[in-house]
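A.B. asks: Got a structure here, written out as structure tokens. Questions coming.
The values are calculated or read from the model by the stated rules, or taken from the named source; none is laboratory data. Values in this document were obtained by computation on a predicted structure and should not be read as measured data. Cβ sites come from the backbone with ideal geometry, for glycine too, and all protein chains shown count toward neighbours.
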Amino acid sequence: MEVLGTSFNVRGYETENLEVVVKTGIVKLSAPERNRNIILKAGERGVYEKGTKNLTQVTNTDLNFLAWKTRKIIFEESDLRSVVESINRIYGSDIRIAAQVSESCVVTVTFEQQSLESILNVLKDTLNLTYSSKDGVIEITHAGC
């Protein structure tokens, strides 16, 4: 990866693909094994797939790509599964859905600098959720939406 005067976010854990989201400026993302690179501009996301060594370039649609830093989380008609995935990634939590959840179980809400407990309480009231917590695992046992 070569930075060409910019601000961006990189996410890539050992078990995940490498993702670069450009906020301002330009980033060159390279796959040396394939002798290929892509130029990412503001608002774009590049993904390096570790298994295949492929590079892809798309428009970034993740409103929460900086939420780990800003603690501002925006959900717009987001389904419960994607909400849980985002919260787990941002807060390092272990929330699991153990109930049948309808695809129509969606939420539009913004959280700013709120604790995990506050977020869960809002989701509980909004989506009529029931959950339990044991040994650091939060399990959603019912979703009434």
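A.B. asks: Scan the stretch 1-29 for residues that are more than 21 Å from Ala67 (Cα to Cα), part of a strand (DSSP E or B) and modelled with pLDDT under 85 and report the count.
C.D. replies: Count: 4.
A.B. asks: From (1) in contact (Cβ under 8 Å) with a residue 24 or more places away in the chain; (2) assigned to a helix (DSSP H, G or I), pick out the condition that doesn't hold for Thr108.
C.D. replies: (2)
A.B. asks: Select from the stretch 111-145 the residues that are of a type in the set (Asp, Glu) and part of a strand (DSSP E or B) and write down the one among them that is farthest from Asn88 (Cα to Cα).
C.D. replies: Of all residues in the stretch 111-145, those of a type in the set (Asp, Glu) come to 112, 117, 125, 135, 139.
Narrowing the set further to residues that are part of a strand (DSSP E or B) leaves 112, 139.
Values: Glu112: 16, Glu139: 12 Å.
Across the stretch 111-145, the extreme among qualifying residues is Glu112.
Yes or no, residue by residue, for (1) exposed (fewer than 14 other Cβ atoms within 10 Å of the Cβ); (2) of a type in the set (Gly, Ala, Ser); (3) modelled with pLDDT under 85; (4) more than 12 Å from the chain's Cα centre (by Cα):
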residue	(1), (2), (3), (4)
Arg34	yes, no, yes, yes
Glu44	no, no, no, yes
Thr52	yes, no, no, yes
Ile74	no, no, no, no
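A.B. asks: Hey, among the residues in the stretch 80-91 that are crowded, with 16+ Cβ neighbours inside 10 Å and over 9 Å from the mean Cα position of the chain (by Cα), which one's nearest to Leu116 (Cα to Cα)?
C.D. replies: Filtering the stretch 80-91 down to residues crowded, with 16+ Cβ neighbours inside 10 Å leaves 80, 83-84, 86-87, 90-91.
Those still in the list that are over 9 Å from the mean Cα position of the chain (by Cα) too: 80, 84, 91.
On the way: Leu80: 15, Val84: 11, Tyr91: 7 Å.
Here the residue is Tyr91.
A.B. asks: Which residue pairs have Cβ atoms under 9 Å apart, sit 6 or more places apart or on different chains, and have a first residue in the stretch 76-87 that is among the basic types (Lys, Arg) and a second that is modelled with pLDDT of 90 or more?
C.D. replies: These pairs meet every condition: Arg81/Ile97.
A.B. asks: If you don't mind, there's one more thing I want to ask. Can you give me the number of residues within the stretch 92-122 that are closer than 14 Å to Ile74 by Cα and under 17 Å from the mean Cα position of the chain (by Cα)? I'd like the intermediate steps shown before the answer.
C.D. replies: Filtering the stretch 92-122 for residues closer than 14 Å to Ile74 by Cα gives 106-114, 119, 122.
Those still in the list that are under 17 Å from the mean Cα position of the chain (by Cα) too: 106-114, 119.
Residues meeting the conditions: 10.
A.B. asks: For the stretch 91-145, how many residues are in contact with a Leu (Cβ under 7 Å, 6 or more places away or on another chain) and of a type in the set (Lys, Arg)?
C.D. replies: Count: 0.
A.B. asks: Looking at this structure, is Ser86 small (Gly, Ala, Ser), outside the structural domain of Val22 (by TED's automatic domain parsing), farther than 30 Å from Ser30 by Cβ and at pLDDT 90 or above?
C.D. replies: Values: small (Gly, Ala, Ser): yes; outside the structural domain of Val22 (by TED's automatic domain parsing): yes; farther than 30 Å from Ser30 by Cβ: no; at pLDDT 90 or above: yes.
It is false that Ser86 is small (Gly, Ala, Ser), outside the structural domain of Val22 (by TED's automatic domain parsing), farther than 30 Å from Ser30 by Cβ and at pLDDT 90 or above.
A.B. asks: While we're on this one: Pull up the stretch 55-69, narrow it to residues that are in contact with a Lys or Arg (Cβ under 8 Å, 6 or more places away or on another chain) and in a strand (DSSP E or B), then point me to the one that is surrounded by the most Cβ atoms within 10 Å (Cβ to Cβ).
C.D. replies: Among them, the one singled out is Leu55.
A.B. asks: Okay, moving on. Within the stretch 79-94, identify whether any single residue is in a loop (DSSP other than H, G, I, E, B) and hydrophobic (A, V, I, L, M, F, W, C), and answer yes or no. Give the derivation first.
C.D. replies: Applying the first criterion (in a loop (DSSP other than H, G, I, E, B)) to the stretch 79-94 yields 92-93.
Subset that is hydrophobic (A, V, I, L, M, F, W, C): none.
No, the conditions are met nowhere in the stretch 79-94.
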